[in-house]
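What follows is calculated from the coordinates using simple rules that are stated; it is not laboratory data. As the structure is a computational prediction, the values presented were derived from the model and not from experiment. Quick reminder, even Gly has a Cβ in these numbers, built from the backbone with ideal geometry, and neighbours come from all protein chains shown.
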Amino acid sequence: MRIPPAGLFALAAGAQLLTGRLSTPRLTLAAPLLAASGALGVAALGGFARAGTTFDPVRIDRASALVTDGVLAHTRNPMYLALAGALVAHALARGSWPGLLPVAGFVWAVDRGQVAAEEAVLRERFGPEYEAYARRVPRWIT
């Protein structure tokens, strides 16, 4: 059984609670990254909504359109990138280098499990159109 991305995010954020303490100066430092991550996630959700397709990572088989514009023209996984950015912001706010380890674990688990499964479904559903998109746009960032 695969843990959904929201569950992996919650596990990583929970693990970060064991590292460092929040402080106002560090929260101020982390706030722009958290805001940018939130904006990225909202922009991705908006793109899926405009296309009328699912954004549910558990039900990727319900994908009815391949979204390749907006933020998805720059990264194939903007919502996971947004969650990873939020975790980095959380580690910064806690002032914790060890707090970055759960970020690495989250990215690894999502990349190897969820993204790989999603890509297989998208390849099957959208064929050459998805293949061209995957060649043009990085999985995460360049």
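Scaled to the compact-protein estimate 2.2 N^0.38 Å, what is the alpha-carbon radius of gyration of region 90-142, rounded to two decimal places?
Working: Rg = 15.2 Å, N = 53, 2.2 N^0.38 = 9.9 Å.
Region 90-142 yields a ratio of 1.53.
Just to verify a number: FRET efficiency for Ala31 and Ala73, C-beta to C-beta distance, R0 = 30 Å, to 0.05?
Values: r = 27 Å, r/R0 = 0.89.
So the FRET efficiency works out to roughly 0.65.
In nm, to one decimal, how far is the Val137 label point from the Glu124 one, both placed 7 Å along Cα→Cβ?
In this crude spin-label approximation the distance works out to 2.1 nm.
Percent relative contact order of region 1-140, based on C-alpha pairs within less than 8 angstrom and at least six residues apart?
On the way: 158 pairs, mean separation 51.8, N = 140.
Rounded, it is 37 percent for region 1-140.
Mind telling me which of Ala109, Ala84, Ala132 comes out most flexible in a GNM of the chain, alpha-carbon contacts under 10 Å?
Highest fluctuation of the listed residues: Ala132.
Starting from the alpha-carbon convex hull of region 1-81, give the projected area averaged over all orientations, in nm². Don't jump to the answer; show the numbers that get you there.
On the way: hull surface 26.5 nm².
Computing the convex hull of the Cα atoms and averaging its projections yields 6.6 nm².
Using 0.36 nm per residue, how much length does the chain from Val42 to Arg62 gain when fully extended, once their Cα-Cα distance is taken away? The partial results should precede the final answer.
Working: separation 20, 0.36 × 20 = 7.20 nm, distance 2.01 nm.
Contour length minus the Cα-Cα distance gives 5.2 nm.
Just the ratio, please: alpha-carbon radius of gyration of the chain over 2.2 N^0.38 Å, N its number of residues. Each step should come with its number before you reach the end.
On the way: Rg = 15.9 Å, N = 142, 2.2 N^0.38 = 14.5 Å.
The value comes to 1.10.
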